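Throughout, read-outs are computed from the coordinates displayed, never taken from laboratory work. Treat the numbers as computed from the prediction; the structure is a model and nothing was measured. With ideal geometry, Cβ positions are generated from the backbone for all residues, glycine too; neighbour counts draw on all protein chains shown.
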Amino acid sequence: MEKIQMSVPLVEMDGDEMTRVLWQQIKDILLTPYIDLKTVYYDLGLKKRDETADRITVEAAEATKKYGVAVKCATITPNAQRVEEYNLKQMWKSPNGTIRAILDGTVFRTPIIVKNVKPFVKTWDKPITIARHAYGDIYKDVELKVEKKGLAELVFTGEDGRVTKEVIHDFAGPGILLGMHNLNQSIESFARACFNYALDQNQDLWFSTKDTISKKYDHTFKDIFQEVYDKEYKDRFEAAGIEYFYTLIDDAVARVIRSSGGFIWACKNYDGDVMSDMVATAFGSLAMMTSVLVSPEGNYEYEAAHGTVTRHYYQHLKGEETSTNPVATLFAWTGALRKRGELDNLDDLVQFANKLEKAAVDTIEEGVMTKDLAILAEGDKKVVNTRQFLEEVNARLIKSL
């Protein structure tokens, strides 16, 4: 068949370790044979980020603003051990945090459902989408180690020179400090993205924070959401027959576990990070979850919701066979290709993305899967390595094409 043509490139952000290996295999087996793949390539591998003093991450985010759609491989966020392992100049910040801050978007994460993998929570029969604020909080924090006795204060100096102070703690000895911030404008963008997504999906929207403890920080999130809802969305939600409500995150967790799913759960940045992992795992596997960052300007960045699969990478380096699940990384590509096709009116590209996703799901539902799913799946199953799985998907894709 003639290759599908693209008119505008995707921004392609390569990554680290085992997911970098999956990235190339997916392109070689399932994409480039069928698509005249156009991308603007950025290597966000840890070594390249270190070489460029992380400038390449900023450039990739700016390119996403220019071209509108990006696809990103999983990347390492270094800790002290990684600094030593890779001989880094410093402990670079999370590339995801940097990109999300520049795009000021909201991350929507939804599990990929297959019939033969049942959720651990028996009542869940519909996907739960986590809407995660993608700016600020601990991902843009400032930290300080206190080495001796002293007074810690929170100080704000207005442009008029007026100073506002709050005492954080009077230290009697060593300790630690952390400063976080957020922006009303970003919170408003987060709220609108969540309300719009709920209307688009025709699903209820839940929002949760800890405003009883954080009476200014978290309470501001709660207040802004309610103001935006009352002014701009209440009538539209009522007309659509869907509900928005706020609750404490403690109560939200209890409600989620008792629910049947089928709603959107909006969370602050860190809460969304943790809860999306919980939801993905409870539905089956972290490797079975889609993730898309949507900016207020309508830019999209697709990625896998899991990490770089370090253990499998070390096995791979030894020449050992690995059965790493590539589905979330594959769906990052299909999500980006579909959106590129929608924006550029390329129906062939949209249909290809849909057929590729169906081929992946059909492969698993027909009993062919990687080791992580074989542990969970019901019925007959055949465990394959990563390349074999991709080739099985390709066989089904060829039939559908």
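Observations
- Summing +1 for each Lys or Arg and -1 for each Asp or Glu among the other residues whose beta-carbon sits under 13 angstrom from that of V83 gives +2.
- Exposure proxy order (Cβ contacts within 10 Å, fewest to most) of H219, H133, H181, H312: H181, H219, H312, H133
- Length gained when the stretch Q388-D251 is fully extended (0.36 nm per residue, less Cα-Cα span): 45.0 nm
- Note, ³J(HN,Hα) from phi for the range 19-27, Karplus 6.51, -1.76, 1.60, rounded to Hz, x at Gly and Pro: 5, 5, 5, 4, 3, 5, 5, 4, 4
- Dipole moment magnitude, nearest 20 debye, the chain about Cα centre, only Lys, Arg, Asp, Glu C-beta charged: 540
- MRE, 222 nm, helices only [DSSP H, n ≥ 4, -39500 (n - 2.57), over the chain, to nearest 500]: -13000 deg cm²/dmol
- DSSP-defined beta bridges in the chain - what % are antiparallel, rounded to 5: 50
- In the range 94-184, chymotrypsin sites (Phe, Trp or Tyr not before Pro) in a DSSP loop with at most 14 other beta-carbon atoms within 10 Å: F120
- Near T290, the amide H atoms lying under 5 Å from its own belong to T110, I112; only residues 5 or more places off or on other chains count, and H is placed 1.01 Å from N.
- Among the GluC sites (Glu not before Pro) found in the range 335-370, those both in a DSSP coil and sparsely packed, with 16 or fewer other Cβ atoms within 10 Å of their Cβ, are E366.
- Here the spin labels are modelled as points 7 Å beyond Cα on the Cα-Cβ line, and at E51 and Q90 they lie 2.0 nm apart.
- For the pair S400 and K234 in one chain, pulling the backbone fully straight at 0.36 nm per residue adds 55.5 nm over the alpha carbon distance.
- Summing charges over neighbours of S276, with a neighbour being any other residue whose Cβ is under 9 Å away from its Cβ, gives 0 when K and R count +1 and D and E count -1.
- Shown here for the range 1-73: GluC sites (Glu not before Pro) in loop regions (DSSP other than H, G, I, E, B) with at most 12 other Cβ atoms within 10 Å, namely E2.
- Least to most buried among I213, I76 (fewest other Cβ within 10 Å first): I213, I76
- Subtracting the Cα-Cα distance of L183 and V8 from 0.36 nm times their residue separation leaves 59.7 nm of extension gain.
- With neighbour counts taken as other beta-carbon atoms within 10 Å, the residues M289, M1 rank, fewest first, as M1, M289.
- Within the chain, longest stretch free of exposed trypsin sites (Lys or Arg not before Pro) [DSSP loop, at most 12 other beta carbons within 10 Å]: 217-317
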